[in-house]
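I have placed the structure first, in the form of structure tokens, so that the comments after it can refer back to it.
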Amino acid sequence: MKVNFLSDFIRFRRFININGAMIAAQNQAEAMKKHVSVSINSSKMDYDLIHSHGNFLYTYRIMRKARKSDIPIIITAHQTNMDTDISFIFSRSINEIVKQYIIRYLKLADLIICPTENSKKLVKKELEVTEQIRVISNGVDTQNFKKSQKKRKEFRKRFGINKPTILSVGMPTSRKGFIDFIKISKENKKNIYLWVGKRIFPIIQPNNIINKDNLIMPGYINDIRTAYSAADIFCFPSYYEGEGLAVLEAMCSGLPVIIRDLPVFEKRYCDGKNCLKARNNKEFIENIYYLLDNPKEKNRIIENGLQTVKQFDINKIAFKLYELYKQMV
């Protein structure tokens, strides 16, 4: 069986910031090589099935062509109109345009995959999708994300870090909780706060008041594992996620995780068991102090997180996809 993986983010990665959709497409394509022959963004019609992780015109054009040849199409729905960030100028105005385009894009699918039950609900309700939907996680490479003392020492030496460090990963936007992260860092000057991620539209995104005292922002880094290894706590104040791959990566890297109490995290993550949840900045700060002051509790949450992430190993996800592909073909 030959499968064509589509991703606008991979195709234009030189111009577009790395994100969860790109990582998911790359990881799944690599893992699927054990089961099928894989092409990436092929414009030829010599494959048995398309699995799209895209959302834009490049992949849309290829799928329109494949539809005429009766080639089955699976789309993993990474983006919805909810991804339109309120920190962008005119974002509220373009929200409806984005919504209508995504609806049109998803209608090309024979089957839609959503990474979580909450994502499925949003796709059905917000995008009014009637096509068949399956829930399958994007998966994480559990062999790749492991804590490294060597990487930890190198990263902390590079940035002069000698205090407990709280990490967050993602584009520094209000939707990702970046402004809250700055406020939290200002309230807790005893520790170092580290935000890893590149601003994709620095010209039209408004400037934020950056805390220069104990906030480090290296932007994009080639090996995100070095940041996970260097940190002591993963703090994820995001207001909306389709799945939140960074949470799985952090757990896999042996970090205790503090997440915002969102519907998308309800079934997978249990407050006080494999993570801590917060509803506001005050609770994020309280949870950070709690983990730093209670190493036994911190280690317990880390161990439970490591057990949780095993369920979402990329090889297990690849086998689920393979079974799905066989049904489709």
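Please get the size of the charge dipole for the range 149-310, origin at its Cα centre, with Cβ charges of +1 on Lys and Arg and -1 on Asp and Glu, quoted in debye to the nearest 20. Write down the numbers at each step before the final one.
On the way: 29 positive and 17 negative charges, 106 e Å.
The dipole magnitude comes to about 500 debye.
Determine the relative contact order of the range 149-310: mean sequence separation of Cα pairs under 8 Å and six or more apart, normalised by residue count, in whole percent. Don't jump to the answer; show the numbers that get you there.
Details: 254 pairs, mean separation 36.0, N = 162.
About 22 percent, as a whole number.
Give me D for the range 149-310 in µm² s⁻¹, whole number, from Stokes-Einstein with Rh from the Kirkwood sum over alpha-carbon pairs, 37 °C and 0.692 mPa s.
Details: Rh = 15.7 Å.
Once the numbers are plugged in, D ends up at 209 µm²/s.
What FRET efficiency comes out for Lys44 versus Glu303 if R0 is 35 angstrom and r is the Cβ-Cβ distance? Round to the nearest 0.05. Intermediate values should be presented prior to the final figure.
Working: r = 48 Å, r/R0 = 1.36.
Working from the Cβ atoms, E equals 0.15.
Can you give the helix-only mean residue ellipticity at 222 nm for the chain, where every DSSP H stretch with n ≥ 4 adds -39500 (n - 2.57) and the sum goes over all residues, rounded to the nearest 500 deg cm²/dmol? Could the numbers behind the result be given before it?
Details: 12 runs with 134 residues, N = 329.
Taking each H run of at least 4 residues, the total per residue is -12500 deg cm²/dmol.
Sequence-distant or interchain residues sharing an amide H contact under 5 Å with Arg134, placed H: which?
Ile112, Ile113, Cys114
Take Lys316 and Lys124, extend 7 Å from each Cα along the Cα→Cβ direction, and tell me the distance between the two endpoints in nm.
Once both label points are built, they end up 2.4 nm from each other.
What ³J(HN,Hα) values, in whole Hz, does the Karplus curve 6.51 cos²θ - 1.76 cosθ + 1.60 give for the range 262-271 when θ = phi - 60°, with x put for Gly and Pro?
10, x, 5, 9, 4, 7, 7, 10, 10, 4
Could you tell me the center-to-center distance, by alpha carbons, between the range 119-141 and the range 226-295 in angstrom?
Using only Cα atoms to place each centre, the spacing works out to 23 Å.
Select from Asn191, Phe284, Phe234 the residue farthest towards the positive end of the dipole of the range 149-310; place +1 on Cβ of Lys and Arg, -1 on Cβ of Asp and Glu, and compute about the Cα centre.
It is Asn191.
List, in the order given, every pair from Lys44/Lys310; Lys189/Lys296; Lys33/Lys147; Lys212/Lys267 whose Cα-Cα distance in the structure shown is over 29 Å. Don't skip to the answer; put the middle values down first.
Working: Lys44/Lys310 36 Å; Lys189/Lys296 24 Å; Lys33/Lys147 26 Å; Lys212/Lys267 37 Å.
Exceeds cut-off: Lys44/Lys310; Lys212/Lys267.
Please list, in order along the range 313-322, the HN-Hα scalar couplings obtained from phi with the Karplus expression 6.51 cos²θ - 1.76 cosθ + 1.60 (θ = phi - 60°), rounded to whole Hz, x for Gly and Pro.
Per-residue couplings from phi come out as 4, 4, 6, 5, 5, 4, 5, 4, 5, 4 Hz.
Need one number: % antiparallel among DSSP beta bridges in the range 131-267, to the nearest 5. Walk me through the numbers before you get to the answer.
Working: 0 of 13 bridges.
Taking every DSSP beta bridge within the range 131-267, about 0 percent pair in antiparallel fashion.
How big is D, in µm² s⁻¹, for the range 209-272 by Stokes-Einstein at 37 °C and 0.692 mPa s if Rh is the Kirkwood radius over C-alpha pairs? Before the final figure, lay out each step's value.
Numbers: Rh = 13.3 Å.
It diffuses with D of about 248 µm²/s by this estimate.
What is the range 267-317 by shape, rounded, prolate or oblate, if you read a ≥ b ≥ c off the alpha carbon gyration tensor as root eigenvalues and call it rounded for a/c under 1.5, prolate for a/b larger than b/c, and oblate otherwise?
Details: a/c = 3.27, a/b = 1.75, b/c = 1.87.
Oblate shape, in that a/c is at least 1.5 and b/c is the bigger or equal ratio.
Return one number: the angle in degrees, 0 to 90 and rounded to the nearest 10, between the long axis of the Cα atoms of helix 295-310 and the longest principal axis of the Cα atoms of the chain.
10 degrees
Is there a pair in Lys65/Lys176; Lys124/Lys277; Lys150/Lys320 whose C-alpha atoms are over 31 Å apart, and which pairs would that be?
Details: Lys65/Lys176 36 Å; Lys124/Lys277 27 Å; Lys150/Lys320 35 Å.
Violating the 31 Å Cα-Cα cut-off are Lys65/Lys176; Lys150/Lys320.
Size of the dipole of the chain about the Cα centre, Lys and Arg at +1 and Asp and Glu at -1 on the beta carbon, nothing else charged, in debye to 20? Provide the component values of the computation, followed by the final result.
On the way: 55 positive and 33 negative charges, 150 e Å.
That gives a dipole near 720 debye.
So what is the diffusion coefficient of the range 133-181 in µm² per second by Stokes-Einstein at 10 °C and 1.306 mPa s, using a Kirkwood Rh over Cα pairs? Kindly include the intermediate steps, with their values, before the conclusion.
Values: Rh = 14.2 Å.
It diffuses with D of about 111 µm²/s by this estimate.
Would you pull out the residues with amide H under 5 Å of Gln311's amide H, same chain only if 5 or more places away, H placed 1.01 Å from N?
Sorted by chain and number, the residues that satisfy this come to none at all.
Quick one: what are the phi-derived ³J(HN,Hα) couplings along the range 128-143, Karplus 6.51/-1.76/1.60 with θ = phi - 60°, whole Hz, x for glycine and proline?
After applying 6.51 cos²θ - 1.76 cosθ + 1.60, I find 6, 7, 10, 5, 5, 10, 10, 9, 9, 4, 5, x, 9, 7, 5, 7 Hz.
Under 10 Å, Cα contacts only: if you run a Gaussian network model on the chain, which one of Ile18, Ile102, Ile221 comes out with the highest mean-square fluctuation?
Largest GNM mean-square fluctuation: Ile221.
Label-point separation (nm) for Phe15 and Tyr101, each offset 7 Å from Cα along Cα-to-Cβ?
A separation of 1.3 nm, rounded to one decimal place.
Coordinate-derived values only; no laboratory data. Quantities reported herein were computed from a predicted structural model and do not represent experimental measurements. All Cβ positions, glycine included, derive from the backbone under ideal geometry; neighbour counts span all protein chains shown.
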